[in-house]
1. Scan region 214-230 and report the pairs whose first residue is in contact (Cβ under 8 Å) with a residue 40 or more places away in the chain and whose second residue is part of a helix (DSSP H, G or I) and among the β-branched types (Val, Ile, Thr), with Cβ atoms within less than 6 Å and a gap of 6+ or a chain change.
2. Being within 26 Å of the chain's Cα centre (by Cα) and more than 30 Å from Gly418 (Cα to Cα): is that true of Val335 here?
3. Report, by residue number, each residue of region 237-257 that is within 22 Å of Leu386 (Cβ to Cβ) and free of Cβ contacts under 8 Å to residues at least 40 places away in the same chain.
4. Could you check region 242-274 and list, in sequence order, the residues that are under 21 Å from the mean Cα position of the chain (by Cα) and farther than 29 Å from Leu188 by Cα?
5. Looking only at region 132-171, which residues are more than 16 Å from ligand 2 (Cβ to nearest atom), among the aliphatic types (A, V, I, L, M) and closer than 30 Å to Met97 by Cβ?
6. Restricting to region 50-68, and then to whatever is closer than 20 Å to Lys95 by Cβ and in contact with a strand residue (DSSP E or B) (Cβ under 9 Å, 6 or more places away or on another chain), can you tell me which residue is nearest to ligand 1 (Cβ to nearest atom)?
7. How do the helices (runs of 4 or more DSSP H) wholly within region 149-227 filter down when requiring 2 or more residues that are within 16 Å of ligand 1 (Cβ to nearest atom): which remain?
8. Considering each of Gly301, Gly341 in turn, give the residue that is modelled with pLDDT under 95 and within 16 Å of ligand 2 (Cβ to nearest atom).
Amino acid sequence: MESGKKFHILTYGCQMNERDSEIMAALLTNAGYEEAPEEEADIFVFNTCSVRHSAENKVFGKVGNLINLRKTKKDLIVAFGGCMSQVPVNVEKLKKMRVNIIFGTHNIEALPDLLAEYRRRHKQIIAVQEKTPERIVEFPPDRKAGVTTNVNVMYGCDNFCTYCIVPFTRGRERSRRPEDIVKEVRFLAERGFQEVVLLGQNVNSYGKNLEKPADFADLLRMVNEVEGIKRIRFTTSHPKDLSMRLIEAVADCDKVCEYLHIAMQSGSNRVLKRMNRHYTREYYEDMVASIRARLPEVALGTDIIVGFPGETDEDFEETISAVEAIRFDGAFTFVYSPRAGTKAALYPDQVPKEVKRARIMRLNDVQYGITAEINRGEIGKIHEILVDGPSKTNAEKMMGRTRLNRIVIFDGTPDLTGKMLKARITDCNTFSLFGEPVEG
Ligand code: SAM
Ligand code: SF4
């Protein structure tokens, strides 16, 4: 056991990275290290994202600062993991920066051993496995107490969208066994968690390589049976694999929330084809119509990229018209960022920066307008909310979410955290609803 050493994890990126950081924290804690705030730590673990270039620059800046700090704090250890460390040019750069340990997304389990080895030999360690491992590692389920938590149901991705680095950094798609997932959810319910978010890059293709066949609809039904859990969410859905079986499961399972995040990426069929997305705008709109017919209350979220190579003004207008026609409740919008190793980075018709910037501003204006209108329509309604804790934007207020994933800010006290209560919506802005608790 290691004693007296304190670690701090710096997390960048998506919910999957947040979950990986919890896993790293559990592995290090079980090995005898202690989690600490940044000011007190001797060991820094970076857990990084390489989906867009801008995030990478920020990370290198922070690594540089810590390496400088090592001049005065000699035993400081910098370990670097996550998607960025699966990219060979990044590994070369980190080697030159004299980062102590560089470990890949498939080497998380080894982190305590790598640290022990570094502390014995004081020699730079590089542990990056390129190939997707055959075996799925079952990690410790421990994490900090809370109301809602993420649960991995699958790893990796086989889709190879032409803009995306994920299949290269996270490897081939593989699903955890339903019994292992249910066991983890039971453990979480016993620890007081109220809500689980089931995570995968494409949950709709869950189960493809399982010994005992099961799909995501089956998994939802199994998790729905776990006592103590009050709400179930999931992300992300790929339109091409979304089945009506899944929608039926959402309709049938009382705990599964009627919020679907289904990445559209573009409204132009020409762009969708070049992105290798395997659906058309018409297919996407028909799919939304079928979902809304079965789940009239459903809220829809999406991801959209602007400025993909070759995207013309007409293509972009197709995206705007799709957004106006579908009326998503919310959207994560991205400016296309070329990623080395992906097909689209080599496309010759890259879109100039200023054009991308103008397009994202226009798209955001349109989407924010729609979200604000939808939010205004909520005023006067009563919603059941699960209280998350104090609001992140105003610590004097409390924050909860409706089943449809809308944030509700209200006057209340921290002892309400984890409670389910009814609130009347009294006001809103683009990003939040404001409410007051009501009896009953
Ligand atoms: N697997 C999920 C799916 O397909 O819905 C998405 C995972 S990805 C980490 C999250 C989002 O990042 C994608 O849906 C896409 O909109 C965006 N993204 C991925 N690669 C990108 C790139 N090179 N430039 C800009 N945005 C990108
Ligand atoms: Fe990336 Fe496409 Fe896989 Fe999503 S489905 S992770 S966008 S390759």
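1. Between residues of region 214-230 that are in contact (Cβ under 8 Å) with a residue 40 or more places away in the chain and residues that are part of a helix (DSSP H, G or I) and among the β-branched types (Val, Ile, Thr), the close pairs are Phe216/Val203; Met222/Val182; Val223/Val185; Val226/Val185.
2. Yes, satisfied.
3. Of everything in region 237-257, those that are within 22 Å of Leu386 (Cβ to Cβ) and free of Cβ contacts under 8 Å to residues at least 40 places away in the same chain turn out to be Ser237, Ala249, Asp252, Cys253, Asp254, Lys255, Val256.
4. Met264, Gln265, Ser266 - these are the residues of region 242-274 that are under 21 Å from the mean Cα position of the chain (by Cα) and farther than 29 Å from Leu188 by Cα.
5. Of everything in region 132-171, just one residue is more than 16 Å from ligand 2 (Cβ to nearest atom), among the aliphatic types (A, V, I, L, M) and closer than 30 Å to Met97 by Cβ, namely Val137.
6. Ser50
7. 166-170
8. Gly341 is the lone residue from the list that is modelled with pLDDT under 95 and within 16 Å of ligand 2 (Cβ to nearest atom).
The values are calculated or read from the model by the stated rules, or taken from the named source; none is laboratory data. This is a predicted model, so every value here is computed, not measured. Glycine gets a Cβ as well: all are built from the backbone with ideal geometry, and neighbour counts include every protein chain shown.
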